[in-house]
Structure formats: C-alpha cells, structure tokens
Amino acid sequence: MKKLLTFLLMLFFLQVSVQAKPVKNGFGNIIKDSGVNQSDIAIEIKELDTGKSFYSKNTYKLMPAAPVQNLLVLVPIVEILGDSYEFTTELYSRDQNSFIIKLGADPYLSSSNLKDLVNKIDADAQKVYIDDSVLKTDIISGADNPNSNELRTSAYNLNNNTMKITIMPAPKPGENAVILNAVKYPVLILNNVITSDITKIETVQRKSGVVDILEISGTISRKPVKEHFPIPNIKRYFKIELRKALENHKIYLKESFAQTQIKASDAFVYKITHDLNRALDDILKSSNNLVYETLSVLAVNKYRATQSETTLAEIELFNKYCTKNKLDTSGIKIPDNNFSGANLVSTNFIVDFLILNKDNKIMEHLPSPGEGSLTDRLLPMKNSLKAKTGAIGNSSVLAGYLVSKSGKKYGFCIINNDSKQTIADKKALEDYIVREAYLRL
C-alpha cells in the first residue's frame with residue numbers, strides 16, 4: 001500500500017498541462033504503473049452533455065458494483081412515490097372514546113414522536129386502534145430469516161428498530177462481563193462475554209413467541225462497548241413503547257391494540273411527518289439500509305395497488321424504468337432476481353444511467369468531498385465532484401459527476417475488483433484518476 005501511495009503522490013506533483021490524446025495515454029500509464037490487474041479494473045468517462053466517451057477501459061465488462069446499486073434503484077423508487085413524498089404517521093378519532101394510529105412505516109419515527117402523537121389523544125380514551133395496512137409484513141434487509149441479525153423494516157418502525165446494549169468488562173480477567181439493556185423490551189440476554197485483553201463480540205438472535213433471546217459471546221478488554229442490536233420483534237416493541245407513552249399521558253387501556261383500517265368517517269386529528277430529502281441524504285451519503293429498504297417496499301406496494309400484478313420486486317420496477325427510458329439492461333446482470341452483492345454491472349451502464357439522470361434532483365443528494373462516504377477524500381474538489389462510493393468484498397467503486405478545472409462536465413465510473421490490492425490501495429487509485437481528470441480534462 002505504501003508503495004502505491006508514494007507512486008501516486010509522485011505523479012500528482014508532476015502534473016503538466018497536455019492535450020486530449022496525451023491525457024488518455026496518461027490514464028493508461030497510471031493504471032499500468034499502479035500494479036492493478038488490467039482485467040480487474042473498469043473505467044468509463046463520458047462528456048455529460050454529449051454522451052461522448054472520453055476514456056474507456058473494460059467498459060462493457062460486467063463486474064461487482066453493489067455500492068452503487070442503491071443509486072440505480074432509487075430513481076425508479078422515487079418516481080413511483082413522487083418527489084414530494086413524506087413518511088407520515090397519523091392520528092384519527094372514530095368516536096368520543098376511540099382513536100386510530102395510522103402507521104406510515106416511518107424509519108425516522110421515535111419514542112419522542114410517539115409521545116407527541118399520544119398527547120393529542122383525549123384523556124378519557126378507552127380504545128386505541130392501529131392501522132398497519134401500509135405494509136403487511138416485516139421485511140428483512142438482506143435475508144429472509146427470522147433469526148437474522150439484519151435490520152428489518154416494518155409498518156411498526158420505531159427508534160431505528162434497534163436496542164442499545166452496553167457491555168462492561170469485569171474487574172478481573174476471565175470473569176463474565178456485565179451487560180446492561182437500556183430498552184424495556186422482553187429480551188433474554190445470554191451473557192457469554194469474558195473479560196480479556198481484546199474485544200471481539202459476536203451475537204446471535206432468536207425470535208420466539210414469548211420472549212426473544214439475544215446471545216452475546218466473545219471477549220471484551222478494559223473499555224466498555226456500546227452497540228445497537230436489531231429488535232427481533234418490531235411490532236411487539238412498538239406496542240410496548242406505545243403503551244408506555246399512553247400511561248405517561250395518564251391513559252390506561254383495558255384492552256390491547258386491535259387492528260383496523262381508517263374509514264372515511266374517521267376524523268383527522270394530528271400527524272407526524274419526515275420528508276424525502278432527509279431519506280435521500282441518508283441513503284446516498286450514509287448508506288442507510290433501513291431507510292432504503294423502507295422506501296423500496298413502500299414503492300413496490302404503491303405500484304401493486306395500481307396494477308393487476310400480485311408479485312412485484314424492486315428489480316421489476318427497475319426493469320420497467322430501463323425499458324421506458326431505453327436503457328440497455330445487458331449492462332447489468334442480476335442472477336438471483338434481487339439486488340444483492342452477487343449482481344454484476346458495467347461501467348458503461350452506470351455512466352449512461354448517470355447521464356440520463358443528470359438533471360434529476362436525486363443526484364443533488366450525492367455526497368461531495370467532505371460529506372458522508374467522501375468525508376476524507378478529494379477535499380480540494382469539494383465544489384466540483386458529486387459521487388457514490390463504497391466497497392464490498394474485493395470490489396471498490398467510485399461513480400458520479402465531475403466538473404473539470406476547465407469547466408467541462410463529465411459522468412464517470414471506476415470499478416476495481418483486483419483481489420490482490422487492499423481497499424485503501426483501490427481508493428487511492430480512484431482518487432488519483434479523478435484528480436487527474438479534474439486537472440487535465
């Protein structure tokens with residue numbers, strides 16, 4: 001890694017102004033001298049206004065590019081939901097003593113929000129119903145497994161669907177750590193964590209009908225560890241927090257929360273909203289999977305409501321979008337019919353997608369240097385670059401929009417899948433190529 005970084009820094013300080021042809025040769029020399037396997041890196045740089053390719057390498061080769069997939073799917077998702085979409089949790093009254101909470105699967109809903117909602121319920125209320133028709137089932141991000149540690153999205157989303165656990169080392173090595181659960185949630189914690197000179201925590205969740213089990217194993221050093229673990233049963237957790245909020249408001253219900261759906265005769269009382277812009281920032285700048293999964297499922301459900309189809313995955317939304325916009329889907333391969341790390345995509349497809357959406361407001365939410373996943377990268381180009389970056393397995397990706405020092409606009413994508421290079425090496429090479437393009441195009 002040090003050798004590659006030293007080489008790139010030396011090249012950076014030797015920048016000179018050259019014409020178009022030497023610049024192209026320069027990119028080729030950079031890639032060759034970096035030591036990257038020539039067949040494991042793909043690059044496409046196109047003029048944003050004309051779509052003309054300026055530099056290409058392995059541009060039609062299908063390669064892993066999972067970090068940019070959310071960007072590709074986000075466009076059709078937002079197209080279905082609408083630019084003005086809001087996550088909304090609403091309160092209605094049915095009669096003098098009955099109220100309905102209509103859930104919106106809001107991934108930003110908090111216990112504090114729930115308290116505000118409950119404070120609008122009359123003190124003499126005898127029944128509180130829940131309308132959870134926005135989503136019928138919990139959706140597990142990444143795996144359909146009830147014991148998965150993956151975050152789930154649900155109609156009952158609350159507090160990021162996580163519980164905070166603090167693991168404290170014991171006074172003496174070899175003793176069991178002390179585990180503190182700050183959330184009032186019926187979970188049985190099996191403590192197999194031993195105090196040691198290193199920290200290595202492993203967890204397994206089991207979902208049951210009565211009480212959920214969280215098994216925490218491994219070792220912990222002298223410093224306490226605070227972690228957020230996914231709530232196994234989101235509906236149960238929501239109802240616990242709702243009852244707590246009601247009791248704090250001096251409302252003690254004799255009955256549990258029955259399910260219902262809003263009727264035309266129900267009277268609107270109050271709502272809590274969180275807008276789409278916050279979600280787009282969190283997805284594109286911070287790779288927030290809970291927010292992305294929630295938007296995806298909401299879009300699919302909304303589309304289903306207007307179609308005769310009963311089964312529709314986000315890949316179908318994506319394919320319909322590509323067909324409508326005449327994007328050649330041979331540039332993306334999704335073998336399991338679901339967006340995952342196993343999918344393959346070409347740099348040419350990604351750049352064509354970026355060019356098609358150059359005026360789409362979604363792209364304004366891509367991070368600039370100093371933000372999100374670009375916090376410590378390419379800082380001198382803060383006002384000239386917006387890009388999605390990330391790494392999974394051997395693959396590192398950087399794709400987005402560049403305004404060169406001369407004022408020319410480009411769409412670009414770099415995918416590096418060389419297993420012999422570290423992720424740090426790959427990011428250093430990406431950054432150098434982009435800096436080169438900025439200075440010399």
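Would you mind calculating the gained length between LYS408 and LYS115 on full extension (0.36 nm times residue separation, minus the Cα-Cα distance), in nm to one decimal? Working it through step by step, the gained length comes to 100.3 nm.
Projecting the Cα atoms of ASN119, PRO169, TYR108 onto the charge dipole of the chain (Cβ charges, centred on the Cα centre) puts PRO169 farthest toward the positive pole. Within the listed set GLY331, GLY28, GLY400, the Gaussian network model of the chain (springs between alpha-carbon atoms below 10 Å) gives the highest mean-square fluctuation for GLY28. Exceedance of the 20 Å cut-off in Cα-Cα distance is limited, within the set LYS46/LYS358; LYS239/LYS302; LYS115/LYS263, to LYS239/LYS302; LYS115/LYS263.
Full extension of the segment from LYS127 to GLU215, taken as 0.36 nm per residue of separation minus the current Cα-Cα distance, would add 28.0 nm.
A crude spin-label estimate for the pair LYS200 and LYS333, with each label 7 Å from Cα along the Cβ direction, gives 3.6 nm.
Using the average count of surrounding beta-carbon atoms within 10 Å as a protection proxy, the listed peptides 418-426, 169-177, 61-69, 296-304 rank, highest first, as 61-69, 296-304, 418-426, 169-177.
Take every pair of alpha-carbon atoms less than 8 Å apart whose residues are at least six positions apart; their mean separation over the length of the chain yields a relative contact order of 23 percent.
Charge dipole of the stretch 345-441 (Cα centre as origin; +1 on each Lys and Arg Cβ, -1 on each Asp and Glu Cβ, all else neutral): 260 debye, rounded to the nearest 20. Helical runs (DSSP H, four residues minimum) scored at -39500 (n - 2.57) apiece and divided by the length of the chain put the mean residue ellipticity at 222 nm at -9500 deg cm²/dmol. Positive end of the dipole of the chain (Cβ unit charges, origin at the Cα centre): among ASN29, SER404, LEU188, the Cα lying farthest that way belongs to ASN29. This ranking places CYS413, CYS322 by how few other beta-carbon atoms lie within 10 Å of each, fewest first, which gives CYS322, CYS413. Candidates (1) 28.0; (2) 23.3; (3) 25.1; which is the computed mean projected area of the Cα convex hull in nm²? Checked against the structure: label (3).
Given a Förster radius of 30 Å and the C-beta distance between SER286 and ALA424 as r, what FRET efficiency does 1/(1 + (r/R0)^6) yield to the nearest 0.05? Between SER286 and ALA424 the formula returns 0.90. Label-to-label distance for MET168 and ASP376 is 3.2 nm, based on points extended 7 Å past Cα in the beta-carbon direction. Modelled spin-label separation between ASP49 and ALA313, with each label point placed 7 Å from Cα along the Cα-to-Cβ direction: 4.2 nm. Ranked for footprinting exposure by Cβ neighbours inside 10 Å, fewest first, GLU255, GLU371 give GLU255, GLU371. One Cα centroid belongs to the stretch 359-425, the other to the stretch 58-93; the line between them spans 19 Å. For the pair LEU253 and ARG304 in one chain, pulling the backbone fully straight at 0.36 nm per residue adds 14.7 nm over the alpha carbon distance.
Coordinate-derived values only; no laboratory data. Here the structure is a predicted model, which is why all the values come from computation and not from measurement. With ideal geometry, Cβ positions are generated from the backbone for all residues, glycine too; neighbour counts draw on all protein chains shown.
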